[in-house]
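*Asks:* Here it is, the structure in full.
The values are calculated or read from the model by the stated rules, or taken from the named source; none is laboratory data. Fair warning: this is a prediction, and the values are worked out from it, not measured in the lab. We place every Cβ from the backbone using ideal geometry, glycine too, and count neighbours over all the protein chains shown.
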Protein chains: 2
Amino acid sequence: MTAQPLKPAAIERRHKIAPPSPERFLGLVGDKLAATEVVFRDHFGSDVPFIQHAGEYLASSGGKRMRPALLLLVARMLGHDSEEEVTYAAVVEFIHTATLIHDDVIDHAALRRGQTTLNELWGNSLTVLLGDWLYTNAMKMALSHGNLEVVRELCEATLKMVEGELLALQRLGAADLTVDEYFAIIDRKTAHLFASACTVPTLITPARPDLGMSREAARRALQSYGKSLGTCFQLVDDLLDFTASEQELGKPVLSDLKEGKLTLPLILLLPRVAAGERRLVQHVLEDRSFARTTPEQVLELVRREGTVDEVEDMALELAEEARESLAGFPAGAAREALELAPDFVLHRRH
Amino acid sequence: MTAQPLKPAAIERRHKIAPPSPERFLGLVGDKLAATEVVFRDHFGSDVPFIQHAGEYLASSGGKRMRPALLLLVARMLGHDSEEEVTYAAVVEFIHTATLIHDDVIDHAALRRGQTTLNELWGNSLTVLLGDWLYTNAMKMALSHGNLEVVRELCEATLKMVEGELLALQRLGAADLTVDEYFAIIDRKTAHLFASACTVPTLITPARPDLGMSREAARRALQSYGKSLGTCFQLVDDLLDFTASEQELGKPVLSDLKEGKLTLPLILLLPRVAAGERRLVQHVLEDRSFARTTPEQVLELVRREGTVDEVEDMALELAEEARESLAGFPAGAAREALELAPDFVLHRRH
């Protein structure tokens, strides 16, 4: 019998409001997303049969394609309409996929999005090499339009993600992870690629002449949008470990904690509670199991201290900051869709 | 008591001739190699402490720096003298290092060049991420001079190497590996990066006006030089598994075979011998140990069939082909050093 997820008031309230339909968020770039999917699949073409095989599997594994969608919507808002942004949308998904499959090797994960992981299917060695291939092929695709600025941006984003993973891995299982350390990690691990996906369209020439702001101002605003949204996305990820049912998320409540990952509600909680209560959480981090502590004990602490509600408030604030970053851009369907993206992120249940 | 390495006639003859001194091969670009070493170390700078720490360790692990040396010598032959070729020399060593450390994860290797491997020291997870960081940072360094052609060449070389590793891994332990498959693998795994190291200087502008050949002709000749030399390098690697002592190589005779890797002398041998003899080799591939076959039995087969001498002849021929590829370039100290490189490769004992 797995523990029941928390139903904090703030989240209950928010979930009374209907989430935006995917159509309202993605409909505008539906054709471009479909084209991205084709590019994504086609670029697994290789004379190494395993790569093609793995590509089919990964392409059908149903990611949310959040980063490509953002890139394409920003491109639309800036007045671009070419194959170039489709390539870059596929590239960010390639990079994201590469980090996921190396993550799964590192976490010894057997399932992702309800599907058996590559490492579980084919072993760690092939999966490590496939990740290397994905990273490198992403760079090759990014190079295809000859835009050095874009390649540099995406290369830097990849580097930051890997650094974020390294920092996270070195602090895995640590009960003394600080809020600052946490944000330093998720800024690299998650927010940076969101920001890059949103700023890449500003690097595609020609800049839109009627935009009413400089390219640099547009880049800064979109970077801020992407960072806020990406950070919000990660906080929601943390929240789901407390609030989503196993049916929704495909894994039981407090799975992150069981894997040694301290999420923000617990980082906020630990310094506030008594030593004996702190030890309840430490035991799970040490044992990587609920052998000495029950999930209910941890959930009860979180309920009492209200830190899930606090993190929910932080996520709502980040969503608002993201929306505000768009104020200077021309009104229209693309900006509206981008303004909906934070709601889409806040309402996700998996 | 480990088995004694083979001393085939062809190799004995060759080793009576003194090998070229490293000074004759590398002296001309000694200053540039020293500068490359500084760039290599400096580029491990990161605000993630582990990366800097691992960088110190890798930089001091004493690689042969073969690829940087070739790149720098070709650049010198083409009349270049700038920081650009030093950066690219460091990049090829970064790429090479990244493949090595992921290889060590895949092979579960505990030692390389007599030094404890990163995976043995810090575990697979950190090592996988460090490899990712190295690959990506190599691209970032390559991008720093804004030369798209060079970045594309190095990206393609990385992709080919990873594909070579994938192909090799999928055929690991296979006793029916063909000569064609073998060359398809080592062409990607080893020869391609050698060729890229040698052709990158042709992509650095301005081309030398007094070269007496087109840039494209120079590129083709140097590609051929690099491919022949890289292939020769790999054949010598295979030969050392039969002919080098444990003291020289840091691992016992037939270590490759014990790891499931079929080297060229055995690929040539297997179709020629009786089924019972073939099984002796198959047992080692299956068991990954000399439980059912002794090293001496395998060495005796190789001695009888003379396939180490055959591979030695192939390596000599490749060395000659490499030298011939340089015929069209201006005579001088740089060309002479490049002509010596094949001897240097043929004489290496580790």
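*Asks:* Restricting to the range A:184-222, give me the number of residues that are under 21 Å from the mean Cα position of the chain (by Cα), away from every other protein chain (no Cβ under 14 Å) and touching a residue at least 24 places away in the same chain (Cβ under 8 Å).
*Replies:* Within the range A:184-222, residues that are under 21 Å from the mean Cα position of the chain (by Cα), away from every other protein chain (no Cβ under 14 Å) and touching a residue at least 24 places away in the same chain (Cβ under 8 Å) number 12.
*Asks:* Would you say A:Val162 is β-branched (Val, Ile, Thr), within 7 Å of another protein chain (Cβ to nearest Cβ) and at negative phi?
*Replies:* yes
*Asks:* Within the range B:123-137, restricting attention to residues that are more than 7 Å from chain A (Cβ to nearest Cβ) and either in contact with a Leu (Cβ under 7 Å, 6 or more places away or on another chain) or of a type in the set (Ser, Thr, Tyr) (or both), which residue is surrounded by the fewest Cβ atoms within 10 Å (Cβ to Cβ)?
*Replies:* Result: B:Thr127.
*Asks:* For A:Arg304, all conditions in the list (1) modelled with pLDDT of 95 or more; (2) buried (at least 18 other Cβ atoms within 10 Å of the Cβ) hold save one; what is the number of the exception?
*Replies:* Answer for A:Arg304: the failing condition is (2).
*Asks:* Let me ask another. Write out, first by first residue and then by second, each pair whose Cβ atoms fall under 8 Å of each other, whose residues are 6+ apart or on separate chains, and whose first residue, in the range A:36-60, is closer than 20 Å to B:Gly164 by Cα while the second is acidic (Asp, Glu).
*Replies:* Pairs found: A:Phe44/A:Glu56; A:Ser46/B:Glu163; A:Asp47/B:Glu163; A:Val48/B:Glu163; A:Ile51/B:Glu163.
*Asks:* Please go through (1) charged (D, E, K, R); (2) over 23 Å from the mean Cα position of the chain (by Cα); (3) over 30 Å from B:Asp210 (Cβ atoms) for B:Glu37 and return the number of the only condition it doesn't satisfy.
*Replies:* (2)
*Asks:* Right, next: Considering A:Ser60, A:Ser82, A:Ser21, A:Ser46, which residue is more than 29 Å from A:Pro295 (Cβ to Cβ) and within 14 Å of chain B (Cβ to nearest Cβ)?
*Replies:* Answer to the check: A:Ser46.
*Asks:* Right, next: Can you pull out every residue in the range B:314-344 that is farther than 21 Å from B:Arg220 by Cβ and under 16 Å from the mean Cα position of the chain (by Cα)?
*Replies:* Across the range B:314-344, the qualifying residues are B:Ala315, B:Asp343, B:Phe344.
*Asks:* OK, next. Just checking, does the range B:115-122 include any residue being in a helix (DSSP H, G or I), without any contact (Cβ under 8 Å) to a residue 60 or more places away in the chain and β-branched (Val, Ile, Thr)?
*Replies:* Looking for residues that are in a helix (DSSP H, G or I), without any contact (Cβ under 8 Å) to a residue 60 or more places away in the chain and β-branched (Val, Ile, Thr), one finds none in the range B:115-122, hence no.
*Asks:* Quick check, is A:Thr294 of a type in the set (S, T, N, Q) and more than 30 Å from A:Tyr225 (Cα to Cα)? Before you say what the answer is, go through the steps one by one.
*Replies:* Numbers: of a type in the set (S, T, N, Q): yes; more than 30 Å from A:Tyr225 (Cα to Cα): yes.
Taking the combined requirement at face value, the residue satisfies it.
*Asks:* Could we say that A:Ala142 is more than 7 Å from chain B (Cβ to nearest Cβ), surrounded by 21 or more Cβ atoms within 10 Å (Cβ to Cβ) and either more than 22 Å from B:Gly45 (Cα to Cα) or without any contact (Cβ under 8 Å) to a residue 60 or more places away in the chain (or both) here?
*Replies:* yes
*Asks:* Quick one: in the range A:145-155, of everything that is more than 7 Å from every other protein chain (Cβ to nearest Cβ) and among the charged types (D, E, K, R), which residue is surrounded by the fewest Cβ atoms within 10 Å (Cβ to Cβ)?
*Replies:* It comes out as A:Glu149.
*Asks:* Give the residue, chosen from A:Asp107, A:Asp103, that is buried (at least 20 other Cβ atoms within 10 Å of the Cβ) and of a type in the set (Asp, Glu).
*Replies:* Details: A:Asp107 fails: buried (at least 20 other Cβ atoms within 10 Å of the Cβ).
Result: A:Asp103 is the single residue among A:Asp107, A:Asp103 that is buried (at least 20 other Cβ atoms within 10 Å of the Cβ) and of a type in the set (Asp, Glu).
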